[in-house]
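Undergrad: Got a structure for you, written out below as C-alpha cells; questions coming shortly.
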Amino acid sequence: MSHVIEIKIRGYHLDLFRHVNNARYLEFLEEARWSLLESRGSLTFFEHSHYTLAVVNINIDYRRAAYMGEVLCITTTMKTIGNRSCVMHQRVTLKDTDTVVADADVAFVIVDTRTEKAAVLKGELRTVIERLAETVPTAE
C-alpha cells in the first residue's frame with residue numbers, strides 16, 4: 001500500500017541556481033517516511049520502545065529539477081522486509097503528472113538501543129514493520 005504526501009517548493013528550498021538542491025531531496029524523502037510512520041501508527045510504537053530506525057543506504061536517481069511553486073508528490077512504499085533490514089521505495093513526481101523528479105530506494109534497520117545492534121525483525125517488531133505495507137515480498 002502506498003503513502004503519498006505533497007510538498008510545495010518554497011524559496012528556502014532553492015539553491016544558488018534557483019532549483020531544489022540535490023541534498024534537499026533527502027529531507028523531502030525523510031519527511032515522507034515520517035508521515036508514513038505516523039499514518040500507520042508505527043511512530044507511537046517506536047516512541048515507547050527501545051527501538052529506533054536507522055537509514056543504512058540510500059540509492060537515489062535525480063530525473064528532473066524542481067522549481068519554486070511546483071508541488072511534489074512523494075509516494076512511499078515498502079519494497080522488502082528481511083530478517084534485519086528493510087527497503088522502502090520512494091518516488092517524487094510533479095503533482096497531477098507522471099513526470100518523475102527523483103526516485104530512491106532507502107534501506108534501513110531497526111536498532112535495539114540497549115545493544116546498539118540491528119534487531120531481528122520478529123514478533124511485535126515485525127508486525128509493526130509489516131503494518132507499513134499491505135503485501136511485501138520477503139528478502140532472502
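Undergrad: Go over the candidates Ala66, Ala104 one by one and state the one that is part of a strand (DSSP E or B) and within 30 Å of Gly11 (Cα to Cα).
TA: On the way: Ala66 fails: part of a strand (DSSP E or B).
Of Ala66, Ala104, the one residue that is part of a strand (DSSP E or B) and within 30 Å of Gly11 (Cα to Cα) is Ala104.
Undergrad: While we're here: List the pairs whose first member sits in region 1-29 and is basic (Lys, Arg), whose second member is surrounded by 15 or more Cβ atoms within 10 Å (Cβ to Cβ), and whose Cβ atoms are under 8 Å apart, counting only residues at least 6 apart or on separate chains?
TA: Cβ pairs passing all conditions: Lys8/Glu70; Lys8/Leu72; Arg24/His13.
Undergrad: Of the residues Ser42, Ser35, only one is under 28 Å from Thr115 (Cα atoms), among the polar types (S, T, N, Q) and either touching a helix residue (DSSP H, G or I) at 6+ places or on another chain (Cβ under 9 Å) or open to solvent by 80 Å² or more (accessible area, probe 1.4 Å) (or both); which? Explain how you work it out, then say what you get.
TA: Details: Ser35 fails: either touching a helix residue (DSSP H, G or I) at 6+ places or on another chain (Cβ under 9 Å) or open to solvent by 80 Å² or more (accessible area, probe 1.4 Å) (or both).
Just one listed residue meets the conditions, Ser42.
Undergrad: Which residues, taken from region 57-70, are surrounded by 14 or more Cβ atoms within 10 Å (Cβ to Cβ) and closer than 30 Å to Arg114 by Cα?
TA: Correct list: Ile58 only.
Undergrad: Tell me the residue from Thr97, Thr93 that is over 13 Å from the mean Cα position of the chain (by Cα) and not in a strand (DSSP E or B), please. Working first, answer last.
TA: Working: Thr93 fails: not in a strand (DSSP E or B).
Criteria check complete, one pass: Thr97.
Undergrad: Within region 14-37, count every residue that is part of a helix (DSSP H, G or I), within 18 Å of Gly69 (Cα to Cα) and among the acidic types (Asp, Glu).
TA: Step one: filter region 14-37 for residues part of a helix (DSSP H, G or I), giving 22-37.
Now drop any that are not within 18 Å of Gly69 (Cα to Cα), which leaves 22, 24-25, 27-28.
This time we only want the ones that are among the acidic types (Asp, Glu), so: 27.
Residues that pass the stated criteria total 1.
Undergrad: Separate question: Within region 109-129, can you find the residues that are in a strand (DSSP E or B) and open to solvent by less than 10 Å² (accessible area, probe 1.4 Å)?
TA: Initial filter on region 109-129 (in a strand (DSSP E or B)): 109-112, 117-118.
The one that is in a strand (DSSP E or B) and open to solvent by less than 10 Å² (accessible area, probe 1.4 Å): Ile110.
The values are calculated or read from the model by the stated rules, or taken from the named source; none is laboratory data. No experiment lies behind these values; they were computed from the predicted model shown. Glycine gets a Cβ as well: all are built from the backbone with ideal geometry, and neighbour counts include every protein chain shown. For accessibility, only protein heavy atoms count, side chains too; no ligands or nucleic acids. Shrake-Rupley method; radii C 1.70, N 1.55, O 1.52, S 1.80 Å.
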